[in-house]
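Novice: Before anything else, here's the structure in question.
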Amino acid sequence: MQIEHKDWYKLDLSAIVYPTLQRRDFSSVYRLSVLLKEEIQPDILQKAVDMALPRFPTYKAAIRTGVFWRYLEPNNRPGPFVQKDVKNQCQPMHFKGNNRYLIRFYYYRNRIALEAHHSLGDGTGGMCVLLTVTATYLRLLGAEIENGGFVLDINEAPAPGELEDAYMKYANSKVCPPRPQEKTYRVRGTKEPFYTMNIINGVMSVAEVMAVAKKYNATITEYLNAVLIYALHEKQLADKRLSLRPVKIAMPVNLRRFFPSITLRNFITMIYPGIDPRLGDYTFEDIVVQVHNFMQYHINKNLLRGDITTNAATQRNAFIRVVPLFVKDYVVRMFYTKVQDKNSSAGLTNMGAMKVPKGMEEYIERFDIYMGQPFSTRTNCAIISFGDIMTINFGSGIVEADVERNFFRKLVKDGIHVKIESNRTYSQEGK
């Protein structure tokens, strides 16, 4: 079936920011992967990509630059071509490279991985692309898999709601609450050579994590946020600095949970749970309570609506809309590097428990997710689960792994059995 699409798509409210942060050694790229139970056949995978990708016009796209804004246009060039996986993931995506595609597909043994530039969409949209391609691949091998959830019908045209900028639709609060603007603790470390991404994965039982979180009267997300704050706090104390700073986590919230949207583009906002050690000492139990109360207060429809309304205000400003793009880029880049990037000590996202359509579960072992290379010297943490397998994936650009070590040691101390995987060499681990 031939699917017709419009000629171009304006970048959504979040996507506007990501190209301004582009550097020779940095792109806003995230990675999703699924591990199957049998080795990947790359020729069949390529056929699945070719069949499924036209269903996603905002992913089968190239980014273009106008006088006042950037936009996505259909990309009918050859590709993207599946390739063998690489050691250093989430490498920069240059807008004119890779036949202008802003997505990559990799395979390694039984793993299929998708890397996507955040200008195209967030993890929800990316997971729809990955699982629709994976379902198409398995069907080509003879599997009977239903459509549903993250697996879309490749013979259907996308619904208008899949392509909308949902931010602008729901940014209708009557006030624009101020953004948090406080410098936080930042991890200092030895920067790795050009675009080396150090990965440390922890694989564990969902049931064990849930049982421990319940002991602290917390959800899994609250508990793991508290563990990361604890790990960062321990690192700050070990640094023995003259003055302490607040420890905060940048955590994306999937707005589709609160607003009726099926968009495959970006639709997240950030909250910042944390502690302020300048106020006094914190036990781990104190941190859990702090995180729990913060999330109970901040994760609600009205506060989230206010946050996206604040973000949309500049986009709606008539004067700003006619300012040349190079001026907008300069202002946004300066604001992000001087203010926004310093609002948090690390990033953490939890994609939750993955559900797949009937007939697909038996082929899947687990999932992995990476937030990508951090913009500055810090670590990012991403969590995903499938069945009873939870994977916690860290990615950083520095040699030292003190925060990750503190994190997993705390889990083990709480009675959780953790299997560690890494792309680091033995000499790096010893540093």
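Novice: Out of the residues in segment 77-90 that are modelled with pLDDT of 90 or more and out of contact with any Lys or Arg (no Cβ under 8 Å at 6 or more places or on another chain), state the one that is surrounded by the most Cβ atoms within 10 Å (Cβ to Cβ).
Specialist: In this case the residue turns out to be Val82.
Novice: Return a yes/no flag: does segment 345-356 have any residue that is in contact with an Asp or Glu (Cβ under 8 Å, 6 or more places away or on another chain), closer than 30 Å to Ala113 by Cα, of a type in the set (Lys, Arg) and not in a strand (DSSP E or B).
Specialist: No: zero hits.
Novice: Six or more apart or on different chains, Cβ under 8 Å: which pairs go from a residue in segment 143-162 that's on the phi > 0 side of the Ramachandran plot to one that's in a loop (DSSP other than H, G, I, E, B) and not β-branched (Val, Ile, Thr)? Could you list them?
Specialist: Gly148/Pro357; Gly148/Lys358; Gly149/Lys355; Gly149/Pro357
Novice: Being surrounded by 19 or more Cβ atoms within 10 Å (Cβ to Cβ), over 20 Å from the mean Cα position of the chain (by Cα) and closer than 30 Å to Lys10 by Cα: is that true of Tyr230 here?
Specialist: No; evaluated as a whole, the condition is false for this residue.
Novice: Would you check if there is a residue in segment 254-272 being in contact with a Leu (Cβ under 7 Å, 6 or more places away or on another chain), in a helix (DSSP H, G or I) and not hydroxyl-bearing (Ser, Thr, Tyr)?
Specialist: Among the residues of segment 254-272, at least one is in contact with a Leu (Cβ under 7 Å, 6 or more places away or on another chain), in a helix (DSSP H, G or I) and not hydroxyl-bearing (Ser, Thr, Tyr), which makes the answer yes.
Novice: Which of the residues spanning segment 186-210 are surrounded by fewer than 16 Cβ atoms within 10 Å (Cβ to Cβ), in contact with a helix residue (DSSP H, G or I) (Cβ under 9 Å, 6 or more places away or on another chain) and more than 17 Å from Ile383 (Cβ to Cβ)?
Specialist: Arg188
Novice: I need a count of the residues in segment 139-167 that are aliphatic (A, V, I, L, M), out of contact with any Lys or Arg (no Cβ under 8 Å at 6 or more places or on another chain) and outside any loop (DSSP other than H, G, I, E, B).
Specialist: Looking only at that region, the number is 1.
Novice: Just to be sure I understand, how many residues within segment 57-79 are in contact with a helix residue (DSSP H, G or I) (Cβ under 8 Å, 6 or more places away or on another chain) and assigned to a loop (DSSP other than H, G, I, E, B)?
Specialist: So the answer is 12.
Novice: Something else: Restricting attention to segment 50-62, and to residues there that are surrounded by fewer than 22 Cβ atoms within 10 Å (Cβ to Cβ) and among the hydrophobic types (A, V, I, L, M, F, W, C), which single residue is nearest to the chain's Cα centre (by Cα)?
Specialist: So the residue we want is Ala62.
Novice: Follow-up. If only one of Cys90, Cys128 is in contact with a strand residue (DSSP E or B) (Cβ under 9 Å, 6 or more places away or on another chain), touching a residue at least 40 places away in the same chain (Cβ under 8 Å) and not in a loop (DSSP other than H, G, I, E, B), which one is it?
Specialist: Just a single option satisfies the conditions, and that option is Cys128.
Novice: Now for a different question. Would you confirm whether any residue within segment 109-118 is part of a loop (DSSP other than H, G, I, E, B) and of a type in the set (Val, Ile, Thr)?
Specialist: no
Novice: Can you name the residue in segment 315-348 that is modelled with pLDDT of 75 or more and of a type in the set (A, V, I, L, M) and is also nearest to the chain's Cα centre (by Cα) among such residues?
Specialist: Here the residue is Leu348.
Novice: Tell me, which residue of segment 211-227 that is among the hydrophobic types (A, V, I, L, M, F, W, C) and in a helix (DSSP H, G or I) is surrounded by the fewest Cβ atoms within 10 Å (Cβ to Cβ)?
Specialist: Per the criteria, the residue is Ala211.
Novice: Can you run down the residue pairs with Cβ atoms below 7 Å, 6 or more apart or on separate chains, where the first is in segment 418-431 and of a type in the set (Asp, Glu) and the partner is surrounded by 10 or more Cβ atoms within 10 Å (Cβ to Cβ) and modelled with pLDDT under 85?
Specialist: Matching pairs, first to second residue: none at all.
Novice: Out of Arg100, Arg104, which single residue is modelled with pLDDT of 95 or more, surrounded by 14 or more Cβ atoms within 10 Å (Cβ to Cβ), within 30 Å of Asn198 (Cβ to Cβ) and touching a Lys or Arg at 6+ places or on another chain (Cβ under 7 Å)?
Specialist: From the options Arg100, Arg104, the qualifying one is Arg100.
Novice: Take Ser422 and decide whether it is under 22 Å from Ala116 (Cβ atoms) and of a type in the set (S, T, N, Q).
Specialist: In short, no.
Novice: Taking the stated definitions as given, is Arg111 modelled with pLDDT of 95 or more, in contact with a strand residue (DSSP E or B) (Cβ under 8 Å, 6 or more places away or on another chain), surrounded by fewer than 20 Cβ atoms within 10 Å (Cβ to Cβ) and at positive phi?
Specialist: In short, no.
Novice: Kindly indicate the residue of segment 338-367 that is over 24 Å from Asn225 (Cα atoms) and out of contact with any strand residue (DSSP E or B) (no Cβ under 9 Å at 6 or more places or on another chain) and also surrounded by the most Cβ atoms within 10 Å (Cβ to Cβ) among those meeting that condition.
Specialist: Gly359
Novice: Quick one: in segment 1-35, which of the residues that are under 18 Å from Leu53 (Cα atoms) and surrounded by fewer than 20 Cβ atoms within 10 Å (Cβ to Cβ) is modelled with the lowest pLDDT?
Specialist: Per the stated criteria, the residue is Met1.
The values are calculated or read from the model by the stated rules, or taken from the named source; none is laboratory data. Only a predicted model underlies this, so the values are computations on that prediction, with no experimental measurement involved. Reconstructed Cβ throughout: ideal geometry from the backbone, glycine too, with neighbour counts over all protein chains shown.
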